[in-house]
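For reference, the structure discussed in these notes is given below.
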Amino acid sequence: MDYFIKGAEVEISSDEDGFRGSWFAGTVIRKLKNDKILVEYKTLMQDDLRKIPLREEIDVVQLRPPAPRETHREFKVSEEVDVYFNDGWWEGVITGVSKTGKFAVFFRS
């Protein structure tokens with residue numbers, strides 16, 4: 001848990017219905033008791049009108065360091081990928097590749 005210190009950039013997962021298999025960018029605000037950490041999301045807001053970032057107490061097992069970004073790589077059918085969609089990274093599997101370089105991705109959730 002040494003990585004998850006105040007100010008650390010993280011990705012946060014959720015077990016809530018509709019959000020399983022997704023990761024959202026955030027920052028560690030502080031460590032709490034019982035392996036809980038207070039985080040602030042970068043793209044999820046508690047108040048969309050005033051653009052106030054959502055803060056949440058979560059278990060340390062729901063955190064990971066930000067994943068490295070792929071820039072120039074050939075992806076193949078059946079390869080597991082994270083796809084940026086709806087303000088977060090969603091786990092999926094490539095099911096097709098077009099001649100123009102676009103992909104079809106199956107999302108388990």
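The values are calculated or read from the model by the stated rules, or taken from the named source; none is laboratory data. The structure displayed is predicted, hence computed values, not measured ones. Quick reminder, even Gly has a Cβ in these numbers, built from the backbone with ideal geometry, and neighbours come from all protein chains shown. Quick note on the areas: whole protein, heavy atoms, side chains included, nothing else; ligands and nucleic acids left out. Shrake-Rupley method; radii C 1.70, N 1.55, O 1.52, S 1.80 Å.
Check the stretch 93-100 and report whether any residue there is open to solvent by 80 Å² or more (accessible area, probe 1.4 Å) and at pLDDT 90 or above. Yes; the residues of the stretch 93-100 include at least one that is open to solvent by 80 Å² or more (accessible area, probe 1.4 Å) and at pLDDT 90 or above.
In this structure, does residue 46 turn out to be polar (S, T, N, Q), within 19 Å of residue 15 (Cα to Cα) and either in contact with a helix residue (DSSP H, G or I) (Cβ under 6 Å, 6 or more places away or on another chain) or open to solvent by 100 Å² or more (accessible area, probe 1.4 Å) (or both)?
Details: polar (S, T, N, Q): yes; within 19 Å of residue 15 (Cα to Cα): yes; either in contact with a helix residue (DSSP H, G or I) (Cβ under 6 Å, 6 or more places away or on another chain) or open to solvent by 100 Å² or more (accessible area, probe 1.4 Å) (or both): yes.
Here the answer is yes, as residue 46 does meet what is asked.
Mind listing whichever residues of the stretch 27-54 are closer than 16 Å to residue 87 by Cβ and in contact with a Leu (Cβ under 8 Å, 6 or more places away or on another chain)?
Filtering the stretch 27-54 down to residues closer than 16 Å to residue 87 by Cβ leaves 27, 39-48, 51-54.
Listed by number, the residues that qualify are 39, 40, 41, 44, 45, 46, 53, 54.
Considering (1) touching a helix residue (DSSP H, G or I) at 6+ places or on another chain (Cβ under 7 Å); (2) open to solvent by less than 40 Å² (accessible area, probe 1.4 Å), the lone condition that residue 21 does not fulfil carries the number (1).
Could you please find all residues in the stretch 3-36 being over 16 Å from the mean Cα position of the chain (by Cα) and either in contact (Cβ under 8 Å) with a residue 12 or more places away in the chain or assigned to a strand (DSSP E or B) (or both)? Write out each step before concluding.
Filtering the stretch 3-36 down to residues over 16 Å from the mean Cα position of the chain (by Cα) leaves 3, 5-7, 29-36.
The answer is 3, 5, 6, 7, 29, 30, 31, 32, 35, 36.
Within the stretch 20-72, being modelled with pLDDT under 90 and among the polar types (S, T, N, Q) holds for 34, 46, 71. Among the residues of the stretch 58-85, those that are over 27 Å from residue 33 (Cα atoms), open to solvent by 100 Å² or more (accessible area, probe 1.4 Å) and not in a strand (DSSP E or B) comprise 68, 69, 70, 71, 72, 73, 74, 76.
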